[in-house]
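Undergrad: Got a structure for you, written out below as structure tokens; questions coming shortly.
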Amino acid sequence: MSLKEINAQQFEEMGQSFNGVLELYTNTCPVCVQLKPVLEEVANEVENVDFYTINAQDNMSVARKFRVMSVPTTIVIKNGEAAEKILGFKNKEDLKEIIQKHF
């Protein structure tokens, strides 16, 4: 799978059927820039899981829904609800382990 950029409307359209990983970022966040290639690697290695990224500044409704206070925040979502939040930077192995325990 690949990491797909979405917006709030696309996220809301998925609703309760949303199952996957959502990373919230901003363009001015240096840690977000560091995390993106790591998350892209994980997305390419973990099968049967959809990976999405969304700009938190441009899509505040999604950030509010999950009570995101800082970025990057990566959220494992099952049936439209947060199963686990990952705050800040994590290495590839840690991300894969966290994600795979939910899918």
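Each row is one residue, and each column tells you yes or no for (1) of a type in the set (S, T, N, Q); (2) more than 13 Å from the chain's Cα centre (by Cα).
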residue: N55; (1), (2): yes, no
residue: V68; (1), (2): no, no
residue: I77; (1), (2): no, no
residue: I86; (1), (2): no, no
residue: K96; (1), (2): no, no
residue: Q100; (1), (2): yes, yes
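Undergrad: Kindly state which helices (runs of 4 or more DSSP H) lie completely within the range 1-97 and contain at least 3 residues that are of a type in the set (D, E, K, R). Steps first, answer last, please.
TA: On the way: elements: 8-14, 30-45, 60-65.
Answer list for the range 1-97: 30-45.
Undergrad: Can you tell me which residue in the range 66-80 is farthest from L39 (Cα to Cα), limited to those that are of a type outside the set (K, R) and without any contact (Cβ under 8 Å) to a residue 24 or more places away in the chain?
TA: Among them, the one singled out is M69.
Undergrad: Which residue pairs have Cβ atoms under 6 Å apart, sit 6 or more places apart or on different chains, and have a first residue in the range 12-31 that is on the phi > 0 side of the Ramachandran plot and a second that is assigned to a strand (DSSP E or B) and surrounded by fewer than 20 Cβ atoms within 10 Å (Cβ to Cβ)?
TA: G20/D50
Read-outs throughout are calculated quantities, based only on the coordinates presented, and are distinct from any laboratory measurement. Since this is a predicted model, take the numbers as computed values, not measurements. Cβ sites come from the backbone with ideal geometry, for glycine too, and all protein chains shown count toward neighbours.
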